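Right, one structure below, let's go through it.
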Amino acid sequence: MIYELSYLILLLPLLSFIVLGLAGMKMQHKTAGLIGTCSLSLVTILSYWTAITYFTADRTAEGVFQTIVPFNFTWLPLGNLHFDMGILLDPISVMMLVVISTVSLMVHIYSFGYMHGEKGFQRYYAFLSLFTMSMLGLVLATNIFQMYMFWELVGVSSYLLIGFYYPLKPAIAASKKAFIVTRFADMFFLIGILTFGYFTDSFSFSFAGDIVMGQGTTPFIEGNMAKAIAAGGFILPTALTLMFIGGAGKSAMFPLHIWLPDAMEGPTPVSALIHAATMVVAGVFQIARMFPLWIEYAPQAMSIVVWVGVITAFYAAAVACAQSDIKRVLAFSTISQIAFMMVALGVSLPGHHGAILDNHAQLGYMAGMFHLFTHAMFKACLFLGAGCIIHAVHSNEMALMGGLRKYMPITHVTFLISCLAIAGIPFFSGFSSKDEIITACMEYSPVVGWIMTGIAAMTAFYMFRLYYGIFWGTENKEAHEHHTPHEAPLTMTIPLIVLCIITVGVGVYSTLAGFLGWGGSFGSFVSAAGTDYTIHFNTQIAATSTVIAILSICLATYIYKGETQPIADRLYKTFPKLHRAAYKRFYQDEIWQFVTHKIIFRCVSTPIAWFDRHIVDGTFNFLAWGANEGGESLRAWQSGDVRKYAVWFLTGTVALTLVLLAL
Amino acid sequence: MVPVECYFVLSALLFFIGVYGFVTRRNLIAMLISIELVLNAVDINFAAFNRLLFPGELEGFFMTLFSIGVSAAESAVAIAIIINVYRNFKNDSVDAISNMKG
């Protein structure tokens, strides 16, 4: 068995979490960091080795990669159902392995510099290990219940890391907000899982490899699929939609996105790892995992995914244009980009080509996964770059930046490359994936396609607004004289460079491959049908989106590059209300606050609390009060006077005798 | 021959004298003596009823002997307890040790 070491991928980070968590505080900062980083390097090597072995192995007769389950054991048998724990390797989980371990390793190295001298350095590395373990467990899960368990674990680690600076009030508030909002969404996920398990008698992802389906055949489900279908056609769409709500919470889809911007209170490398590259795409991964069921049983419900995605993408892009905190801009751009992935999965049309799923009709699946991959790399790079800037300026506010290109050349170049990637300029990785998404959208419906093109243009605009705001524009001389910005240390710049190399490398190859029709691009490894899919760009769409992206960048350059920004000021003066609304995120937090506090708390929670306090608690308090009073009144009898006891005993005996005699 | 009722009268008198003594005396030794009186009343009853109801049988007499044996053991234990109480409380009144109720 060639994958027999794969359990180490989960065990090593767990081990380093336990070691650092228990003994970390007794260690030097450097030792603790090295333990975490070394165990993660091993995990990365193992992941790469697994990926290389997996993707170079022979395909099956149908031309797909085999789904391999190296480990699986029943953890909790429960009648017909059973909860398993194990490892499942299929193209998307192996792809996720590579993404998670790469970004996590970069973040581990980067944190050496960024978190240098912080109090709780060891705790930080312990939590990073816990997070990495949970996230890897999530993608390697063999069944939906295991996925749910690790899903909650990533939620916990995210909570712990957002609240890392726990003496600060905003950090605590943000961590609680993130935890509560995602838990609220996860409740629906759990209901979805239980509905699914109840009606199909199975939690297993046994359909994962069965993406190749004969026309009219159904994905294989280990349990009793007939039961679910007999119970009504709405069961599976309902279960899947409920699961999607859970995914939407984790992936910050509108209107459950409110936690992600606040989650930026955590250390910046954590934002890069958890809130940009890995955890927030768990919702996308979940849909990709359940994709065979969506496409077969709930194709109509996929339009929910599409429209939630479209609204989120637009909303987040609009808000990102008006934020002044650089991490908030990146947070909203993350929300917008994840929405792109959601839309991509949603626009996959049900369709078969002969005996197998149609790769072309379901281009969105491949595009969504591709965008997940490229986005993880360039967004992690952007966040780590932002971390370098914050490290240099000691602030998140764009007003204190400007003109930083002179001081921080490496950060400047890597940031620019990542901005070009996210804007969708050819030869950078974002171009290929975003272009495939737009192509898929156009095939689904031209309306969605053009909306997404527009949002892509907004993306290019706000990213370059950010770029010019940080590196060009007016330099805040006063702040910079007081504290001259400097380039970050090597531990921080090397991860930037590595991520940039990936971005450019993937970008150049996939762009050339897409135009020239070479194989070996992303579609060869991950595609809806699992077969080798060669990406061909639709030249018309590619040209349109490139031109639009370049125009947006030019617009941003025109408005924001100069020392003074008359156009931006004039726009601001013309639409103060619009600017204010966008800055305030269109009052989403206030609406949630109103709905929860004024409506739910007042109309639902208060009566329930009253009932609980007065009726439920009252019953038990009354019982306790009665027992107490009874005891109090009886205790006088225990005088300790033996002769009194004897008299009572005698009286009692005589009385009893008389009673017996009378009977 | 003494009529059998006399034994019952004697037994009843002893019993109530014992109970009266147990209830009224405060001295632990006196209370122990009262308990012995009650036990003796019971012993007499056993013997008398054996004679009255089952002449020729011996169970009642055996029970009397058994009871005497038990009461001897019981007084030994009781006296040991009383001595310990006296050592600890410097007192042999039952009221002095009412805080032993716990």
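The values are calculated or read from the model by the stated rules, or taken from the named source; none is laboratory data. On a predicted model such as this, the values are computed, not experimentally measured, just so you know. As a convention, Cβ positions derive from the backbone with ideal geometry for all residues, glycine included, and neighbour counts pool all protein chains shown.
Some notes on this structure:
- Among residues of the range B:2-23 that are at the interface with another protein chain (Cβ under 10 Å from one of its Cβ atoms), none has a Cβ under 9 angstrom from a residue that is acidic (Asp, Glu) and in a helix (DSSP H, G or I) at a sequence gap of 6+ or on a separate chain.
- Condition check for B:ASN27 on (1) of a type outside the set (Val, Ile, Thr); (2) free of Cβ contacts under 8 Å to residues at least 60 places away in the same chain; (3) surrounded by fewer than 17 Cβ atoms within 10 Å (Cβ to Cβ): one failure, at (2).
- Count - residues of the range B:87-102 that are of a type in the set (Lys, Arg) and within 14 Å of chain A (Cβ to nearest Cβ): 1
- Filter pass, A:LEU153 being in a helix (DSSP H, G or I), within 17 Å of the chain's Cα centre (by Cα), surrounded by 24 or more Cβ atoms within 10 Å (Cβ to Cβ) and touching a residue at least 12 places away in the same chain (Cβ under 8 Å): no
- Across the range A:478-493, a minimum of one residue is classified as small (Gly, Ala, Ser), under 21 Å from A:GLY402 (Cβ atoms) and assigned by TED's automatic domain parsing to the domain that holds A:MET377.
- A:VAL604 vs. criteria in contact with a helix residue (DSSP H, G or I) (Cβ under 6 Å, 6 or more places away or on another chain) and surrounded by 10 or more Cβ atoms within 10 Å (Cβ to Cβ): no
- Selection of the range B:24-34 for residues being at the interface with chain A (Cβ under 10 Å from one of its Cβ atoms), in contact with an Asp or Glu (Cβ under 8 Å, 6 or more places away or on another chain) and in a helix (DSSP H, G or I) yields only B:LEU28.
- Selection from the range A:423-465 of residues that are within 21 Å of A:ILE535 (Cα to Cα), among the polar types (S, T, N, Q) and either part of a helix (DSSP H, G or I) or modelled with pLDDT of 90 or more (or both): A:SER429, A:SER432, A:SER433, A:THR439, A:THR453
- Test: residue in the range A:551-565 that is surrounded by fewer than 13 Cβ atoms within 10 Å (Cβ to Cβ) and among the aliphatic types (A, V, I, L, M): no
- Residue among A:THR268, A:THR200, A:THR241 that is surrounded by fewer than 22 Cβ atoms within 10 Å (Cβ to Cβ) and either modelled with pLDDT of 85 or more or closer than 30 Å to A:PHE73 by Cα (or both): A:THR241
- Condition check for B:ASN84: surrounded by 11 or more Cβ atoms within 10 Å (Cβ to Cβ) and more than 14 Å from chain A (Cβ to nearest Cβ): no
- Sole residue being in a helix (DSSP H, G or I), at pLDDT below 85 and assigned by TED's automatic domain parsing to the domain that holds A:THR564, chosen from A:ALA386, A:ALA399, A:ALA380, A:ALA344: A:ALA399
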